[in-house]
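The next block holds one structure in the form of structure tokens; read it before the comments.
The values are calculated or read from the model by the stated rules, or taken from the named source; none is laboratory data. Since we're looking at a predicted model, the values are computed, not measured. Because the Cβ atoms are built from the backbone with ideal geometry, glycine has one as well, and the counts that use them run over all protein chains shown. Ligands, DNA and RNA are stripped out before the accessible areas are found, and what is left, the full protein with its side chains, is counted by its heavy atoms. Shrake-Rupley method; radii C 1.70, N 1.55, O 1.52, S 1.80 Å.
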Amino acid sequence: MQPEAFSELFPLFESASPETVEWLGSVTTQHEYPADRAVLMEDAWGNAVYFIESGWVKVRRHAGDSAVTLAVLGPGDFFGEMAILDESPRSTDVVALAPVKLLSVSAQRFIQTLFKDSQLHHRMLQLMVQRLRQTNFRFQLRHQPPAVKLANTLATLSEAYGQSVDGGVTIFNIPIADLADVTDISEEETSKIMDKLVEKGWLKVDEANDTLVLSNVKQLSQLAGKG
């Protein structure tokens, strides 16, 4: 991948030096996985940082025989950055929601790069703080009605990964169970609210392309308390 394309695809590298981007591009390892395949197992956390070139993944936490989806990540995002500094045992894994292409950089090389490029280090901190703020906002919504919480999830995913199309913004058609987990509401509530959003014309399910078209992101953001 050319350095310019690398920086354009991954917001983390927007302010990194051209030398940093070129070097990282030369040491990345490419991975491809089909939908429903585990792309990072519990015991692999801390070995590398992973960047999503295309496709969508979910991060799951295990508790006994059950698993809960903690986050859904899309193109341009990354994961594994926290684990390279934390040697504690992990009880989470990452699973492809759709066919996914990943690039990985070994933990040692990534840490070395952060020390060498102060702009990249600063950008990493910015994005980590942004994730923390999103988590805090979700926590503030914990007592809000389910519709408000789901609107926040959809609006946040749209802001992070949405692609403009005729009629709105499109994101991956996330399975109801995963959408419910991330939103912290029941699957039944999620299904009912999604149906109401379709009835209102705020949302369209494009089954042919396995996407959701959000036709009124502004209203969703206002409902979520973001507007």
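Kindly evaluate Leu197 against the criterion of being among the hydrophobic types (A, V, I, L, M, F, W, C) and farther than 25 Å from His62 by Cβ.
Working: among the hydrophobic types (A, V, I, L, M, F, W, C): yes; farther than 25 Å from His62 by Cβ: yes.
Judged against the criteria, Leu197 is a match.
Considering the range 198-216, and only residues there that are among the β-branched types (Val, Ile, Thr) and out of contact with any Gly (no Cβ under 7 Å at 6 or more places or on another chain), the residue that is least open to solvent (accessible area, probe 1.4 Å) turns out to be Thr211.
Residue by residue, here is whether (1) in contact with a strand residue (DSSP E or B) (Cβ under 6 Å, 6 or more places away or on another chain); (2) at pLDDT below 90 holds:
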| residue | (1), (2) |
| --- | --- |
| Glu87 | no, yes |
| Thr92 | yes, yes |
| Ala96 | yes, no |
| Leu102 | yes, no |
| Val105 | yes, no |
| Arg109 | no, no |
| Thr113 | no, no |
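In summary, strands (runs of 3 or more DSSP E) completely within the range 89-176 and bearing 3 or more residues that are loosely packed, with under 15 Cβ neighbours inside 10 Å occur at 163-165.
Summed over the range 1-22, the residues that are of a type in the set (A, V, I, L, M, F, W, C), part of a helix (DSSP H, G or I) and out of contact with any Lys or Arg (no Cβ under 9 Å at 6 or more places or on another chain) give a count of 4. Criterion applied to Asp195, Asp181 was being in a helix (DSSP H, G or I) and buried (at least 17 other Cβ atoms within 10 Å of the Cβ), and the one residue passing it is Asp181.
Can you say whether Phe139 is without any contact (Cβ under 8 Å) to a residue 12 or more places away in the chain and under 20 Å from Arg60 (Cα atoms), as far as the supplied structure shows? Spelling it out, Phe139 is indeed without any contact (Cβ under 8 Å) to a residue 12 or more places away in the chain and under 20 Å from Arg60 (Cα atoms). Cβ-Cβ contacts under 8 Å between residues 6 or more apart (or on different chains), taken from a first residue in the range 152-180 that is touching a residue at least 12 places away in the same chain (Cβ under 8 Å) to a second residue that is basic (Lys, Arg) and surrounded by fewer than 19 Cβ atoms within 10 Å (Cβ to Cβ), are listed as Asn152/Arg138; Asn152/Lys226; Ala155/Lys226; Gly167/Lys204; Gly168/Lys204. Looking only at residues of the range 29-80 that are under 18 Å from Val182 (Cβ atoms) and of a type in the set (S, T, N, Q), we find that the one that is modelled with the lowest pLDDT is Ser66.
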